[in-house]
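The values are calculated or read from the model by the stated rules, or taken from the named source; none is laboratory data. Given the structure is predicted, the values throughout are model-derived calculations rather than measurements. For neighbour counting, all protein chains shown are included, and Cβ atoms are generated from backbone atoms with ideal geometry for every residue, glycine included.
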Amino acid sequence: MDKPVKMKNNVILLIALLYVTFGVSQNPIFTNVFTADPSPHVWPDDPNKLWVYTSHDEPGSNNHYGMTGYHAFSTTDLVNWTDHGRILHLENVDWAESHAWAMDAAYYRGQYYLVYCMKEAGIGLFRTGIARSDRPEGPFTDLGYVKGVEFGQDPAIFIDDDGIPYLYWGHDRKCFAAELNDDLMSIKPETYVDLTSQLTHVFEGPWVHKKNNKYYLTYPGLTPRRWPEKMFYAVAENPLGPYTFKGVFIDDFEGQSGTNHGGTVTYKGEDIMFYHSAWLSGGLSETRSSMADYLKYDKDGNILPIIPSKEGLRKAKRTKVTLKLEAEHGFAAGGALYNVFVDTWIKGYSGKGYVTNFDNPYDHVSILAQVAKPEKYRFKVRYASPDGESNHDILINSHKYSEFIFPQSKDFTEIDFGIVELKSGDNLVRIFKKDWKPSEGELAIDYIKFEQVFEDELQTIKN
Ligand code: FUB
C-alpha cells in the first residue's frame, strides 16, 4: 500500500472513531427540538443565508393531533444554525382550533409569508392559512385562510421566475394546484387542477421546485404496501402540469417516521433535500426530526436516489444549534411583555428593537424556549444599561435562576450566565425587576440565547 492511500485510510479511521466516540453526525440536522415537514429557502435579499421553516412535534405526545406551532432556522455555513423559536402558534390564529400541520414559506413583493394548514374552529376541516412578516424570522401575523381551497392540508407555494404564485396542496391520496391571486388570499378558480391521477401513489405533502426549466413535483406517497411513506417525484413543462410520473427517490429507511415530507433548495450552488425521520426520538414515529442530504441529478435530469445518511451535509462533525429569542417578539413568540415596551433608541440591537421600561416591581419580559429533551445549554443575555448598573431577577420555569446585576454598558453586550438545564418541552424565561431602586440605570434587553453544549464539551468544561 503506498503512502497517500495509507494516510487516506487513517483519516477515514479517525472520522469513524469520532463518530463512535461522541455519536456525532449531521443528521438529524436540528437536535435541540423535534421538527417535521422542513421547508428550505434562500431568500433573494440574502443569498448567503439558508432558511428552514418547520412544524413542531410536542415531546411526549407522539401524535400529530397536538401540533400547535412552527419554528424557523437559519445558517450561513450549514454547521452552525440559529433556531429563531416559535414563529406562529395556534393561539395567534383566530379561525383555527387545532392541527398545526405542514407549512411552507415564501418571499413575495418584499414581504415574508408563511403558508400553513390548521383545522378551522367549529368545522374541523383543514384550511390553508396565510401569515405575513416583514422579517424572515417572523413572528408572523395571520391574515386569514385562502378562499377557494377546500380541505387545504399540506400547502406549498411556488413563485415562478415571472412572479406568478402557485399553490399546491394534498391530503389522503389527493393533490391539487392553482394559481393564486396577487394578495395570496384566494386562488384563481379557472386555473384549479386536480393532479391526483398524474402522481402515482400520491398521499399528501406536494412541493414544487424548478431545475433547468423543468418543474419537479416531489411528494410523499404510499405504495400498495402502505406505510411508511416514500418520496416520489414527477416532472412537467409547466407549473400546473401535466406532470409525468418519474419514480421514488427516498425509499423506506431505518428509523423512519411513518410519514416523510420535505422540500429542496439550491444553496451556494448545491442542491439539498430536506425531509424528516424519527432519529432524534429513537424511533417514535410521530416525534420527528429534520434531515438534510445532497440531491443530485443524472445527465437527463432524473433525481438520483437519496439514502438517508448520518453524515448529512458533511461540512463538519456535527451541526450546532443556538436558540436565539428576540425579547421584543412577546406574545406572538409564546412569551409576554408585561408593562414594558419595545424601543429603538439605543442603536446596535438585533431584530426590530429591544424591551425596556422596567420601572415598576414585577414589570417583565418573558420568552419561550422550546426544546426536545432535558439538556444543558449555555445561557446568554444581550443587554444595554447606559446609565448605570441594573439589578434584575431571572426565572427559568418559575425557579429563580439568578439575581443579576447587569453592569453599566452604554452599548449592547452579551453576558454569559453559564450552563443551565432546560426541561423537555416549553421553558419560560422571565427577566423582571423585583425592587425599584432610584439610583439604577434603565435596562434594555435585546435577546436571550441558549447555545447547545454537547456531552464531550461539558467534560472539557468540567476538567
Ligand atoms: O406533520 C403533520 C403531518 O404529517 C403533515 O402535514 C403530513 O405531511 C405529515 O408529514
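Restricting to segment 107-133, and then to whatever is surrounded by fewer than 21 Cβ atoms within 10 Å (Cβ to Cβ) and under 17 Å from the mean Cα position of the chain (by Cα), can you tell me which residue is nearest to residue 176 (Cα to Cα)? The qualifying residue nearest to residue 176 (Cα to Cα) is 107. A single entry from 292, 278, 316 fulfils the requirement of being more than 16 Å from residue 263 (Cα to Cα) and buried (at least 22 other Cβ atoms within 10 Å of the Cβ): 278.
Consider segment 237-252 and keep the residues that are among the charged types (D, E, K, R) and either outside any loop (DSSP other than H, G, I, E, B) or away from the ligand (no atom under 16 Å from the Cβ) (or both). The one that is farthest from the chain's Cα centre (by Cα) is 237.
Being crowded, with 19+ Cβ neighbours inside 10 Å, out of contact with any Gly (no Cβ under 9 Å at 6 or more places or on another chain) and farther than 30 Å from residue 384 by Cβ is a description that does not apply to residue 304.
Residue-by-condition table, conditions (1) in contact (Cβ under 8 Å) with a residue 12 or more places away in the chain; (2) farther than 30 Å from residue 282 by Cβ; (3) in a strand (DSSP E or B); (4) not assigned by TED's automatic domain parsing to the domain that holds residue 450:
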{"residue": "365", "(1), (2), (3), (4)": "yes, yes, yes, no"}
{"residue": "368", "(1), (2), (3), (4)": "yes, no, yes, no"}
{"residue": "373", "(1), (2), (3), (4)": "yes, no, no, no"}
{"residue": "379", "(1), (2), (3), (4)": "yes, no, yes, no"}
{"residue": "382", "(1), (2), (3), (4)": "yes, yes, yes, no"}
{"residue": "388", "(1), (2), (3), (4)": "yes, yes, no, no"}
{"residue": "391", "(1), (2), (3), (4)": "yes, yes, yes, no"}
{"residue": "395", "(1), (2), (3), (4)": "yes, yes, yes, no"}
{"residue": "404", "(1), (2), (3), (4)": "yes, yes, yes, no"}
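Looking across 323, 337, one residue alone is touching a residue at least 40 places away in the same chain (Cβ under 8 Å) and not in a loop (DSSP other than H, G, I, E, B). It is 323. Annotation: of all residues in segment 45-62 being part of a loop (DSSP other than H, G, I, E, B) and at pLDDT 95 or above, the one that is nearest to the ligand (Cβ to nearest atom) is 57. Taken over segment 220-236, the criterion of being aliphatic (A, V, I, L, M) and within 15 Å of the ligand (Cβ to nearest atom) is satisfied by 222, 231. Only one entry of 437, 433 meets the criterion of being surrounded by 14 or more Cβ atoms within 10 Å (Cβ to Cβ) and of a type in the set (Lys, Arg), and that entry is 433.
Criterion applied to 398, 350 was being at pLDDT below 90, surrounded by fewer than 20 Cβ atoms within 10 Å (Cβ to Cβ) and small (Gly, Ala, Ser), and the one residue passing it is 398.
Report, by residue number, each residue of segment 182-214 that is surrounded by fewer than 19 Cβ atoms within 10 Å (Cβ to Cβ) and within 27 Å of the chain's Cα centre (by Cα). Of everything in segment 182-214, those that are surrounded by fewer than 19 Cβ atoms within 10 Å (Cβ to Cβ) and within 27 Å of the chain's Cα centre (by Cα) turn out to be 182, 183, 185, 186, 210, 211. A residue that is of a type in the set (Asp, Glu) and modelled with pLDDT of 95 or more cannot be found anywhere in segment 434-445. Of all residues assigned to segment 173-196, at least one qualifies as being more than 16 Å from residue 264 (Cα to Cα), assigned to a strand (DSSP E or B) and touching a Pro at 6+ places or on another chain (Cβ under 6 Å).
Test residue 255 against the stated conditions and say whether it is more than 15 Å from the ligand (Cβ to nearest atom), touching a strand residue (DSSP E or B) at 6+ places or on another chain (Cβ under 8 Å) and among the small types (Gly, Ala, Ser). When the stated conditions are applied, residue 255 passes them. Starting from segment 300-314, take each residue that is within 21 Å of residue 235 (Cα to Cα) and list its partners that are outside any loop (DSSP other than H, G, I, E, B) and of a type in the set (Ser, Thr, Tyr), counting only C-beta distances under 7 angstrom and pairs at least six apart or across chains. Pairs that qualify, where the first residue is within 21 Å of residue 235 (Cα to Cα) and the partner is outside any loop (DSSP other than H, G, I, E, B) and of a type in the set (Ser, Thr, Tyr), are 303/233; 303/297; 304/297.
Is it fair to say residue 173 is without any contact (Cβ under 8 Å) to a residue 40 or more places away in the chain and not small (Gly, Ala, Ser)? Considered against the rule, which asks whether it is without any contact (Cβ under 8 Å) to a residue 40 or more places away in the chain and not small (Gly, Ala, Ser), residue 173 comes out as no.
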